[in-house]
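First the structure, in the form of structure tokens, and then the observations on it.
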Amino acid sequence: MSRVLELVSELRARVEQLEKQVFPCGPNDLSPPEPKPRKGRKPKLETDEVLKRRMHLTSWLEQNWPRLSVALQKAESSGDPSEAIAAFVAAKTQGIPGVAQPPFYHAPEKYEEELGKFLGSARFHGNPRNLAAAMAGLPELCWKRSFDICSAHPYKGGQMLEAYWDYMRRNFPDRLRELEEARTELDVKIVLARSRTADPLYLHFKENPDKVKEWLEEGKPKPASL
């Protein structure tokens, strides 16, 4: 019996020695560390807020795109954003008003300089969603920072009806030209069958060939006087 007690005592001594080697500061040494506070300044505008603003602004821009696109193209070519600013102001009363919109919508004239910088950056490409991405973060963020945040989180919402024509112009210019020349529903089906694509809007056209001409007519660019 004394030999057994002696062995137990030796084992305990060995265990204590091993614990000291593995846990030099005690058994709690490997416990999860306390979370460290995030370094740096708090963001001027949280990403979720930028993306929410982008979503609302995109909807409004696309709903008014037949008129706004004309003024924006002129502003991009001339380097003078003042005509585009006037078009934004007019769209709020003469076009479809926006709901839950960001600061840019409520006072676009305050951001003429940032709009001009964006239009001169070669990032517009006539795309209302690019414009919304750049303007969503104003005034807390510059247009470039806002654009970069939104680019990292692509907007996947469907196109508004009024933006169908311009979307086809940018993505399927040959098919758009042929669709405008089509006379019958059968002509429309034949034209759409020429492209194999998984593009959601294009597939929507294929599913509704009887409405395609009407949809495209709705989104054609219109001078500001119309």
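Here, each number is a calculation from the coordinates, and none is a lab measurement. Remember, it's a predicted structure, so these values are computed and weren't measured experimentally. Note: ideal-geometry Cβ built from the backbone for every residue, glycine included; neighbour counts use all protein chains shown.
Can you give me the long-range amide H partners of Gly95? Hydrogens built in the peptide plane at 1.01 Å from N, cutoff under 5 Å, separation of 5 or more residues or another chain.
none
From the mean inverse distance of alpha carbon pairs (Kirkwood) and the Cα radius of gyration, derive Rg over Rh for the stretch 47-151.
With Rh from the inverse mean 1/r over Cα pairs, Rg/Rh is 0.91.
Cross-link list Lys44/Lys156; Lys117/Lys222; Lys189/Lys222; Lys189/Lys213; Lys74/Lys220; Lys52/Lys74: which exceed 21 angstrom alpha carbon to alpha carbon?
Those over the limit are Lys44/Lys156; Lys117/Lys222; Lys189/Lys222; Lys52/Lys74.
Given a Förster distance of 22 angstrom, what is the FRET efficiency for Leu161 paired with Ala122, based on the Cβ-Cβ distance and rounded to 0.05?
It comes to 0.20.
What nm value, rounded to one decimal, do you get for the distance between Ala198 and Glu217 when each label is placed 7 Å out toward the C-beta?
With each label point 7 Å from Cα toward Cβ, the separation is 3.5 nm.
Give me the mean projected area, in nm² to one decimal, of the convex hull enclosing the Cα positions of the stretch 163-218.
So the mean shadow area of the Cα hull is 3.3 nm².
Taking a temperature of 37 °C and a viscosity of 0.692 mPa s, what whole-number D in µm²/s does Stokes-Einstein yield for the stretch 106-226 with Rh from Kirkwood over alpha carbon pairs?
202
Rounded to whole Hz and in sequence order, give me ³J(HN,Hα) for the stretch 44-50 from the Karplus expression 6.51 cos²θ - 1.76 cosθ + 1.60, θ = phi - 60°, writing x for Gly and Pro.
5, 8, 5, 4, 4, 5, 4
Tell me, what is the FRET efficiency for Lys189 and Met55 to the nearest 0.05, using R0 = 35 angstrom and their Cβ-Cβ distance as r?
Rounded to the nearest 0.05, the efficiency is 0.55.
Could you please rank Asp80, Asp48, placing first whichever residue has the fewest other Cβ atoms within 10 Å of its Cβ?
Asp48, Asp80
Mind ranking 142-151, 52-61, 206-215 by how tightly packed they are, going by the mean number of other C-beta atoms within 10 angstrom, highest first?
Sorting 142-151, 52-61, 206-215 by mean packing, highest first, produces 52-61, 142-151, 206-215.
Compute for the stretch 125-178: radius of gyration divided by Kirkwood radius, i.e. Rg/Rh, restricted to C-alpha atoms, rounded to two decimals.
Reported Rg/Rh, Kirkwood definition of Rh: 1.08.
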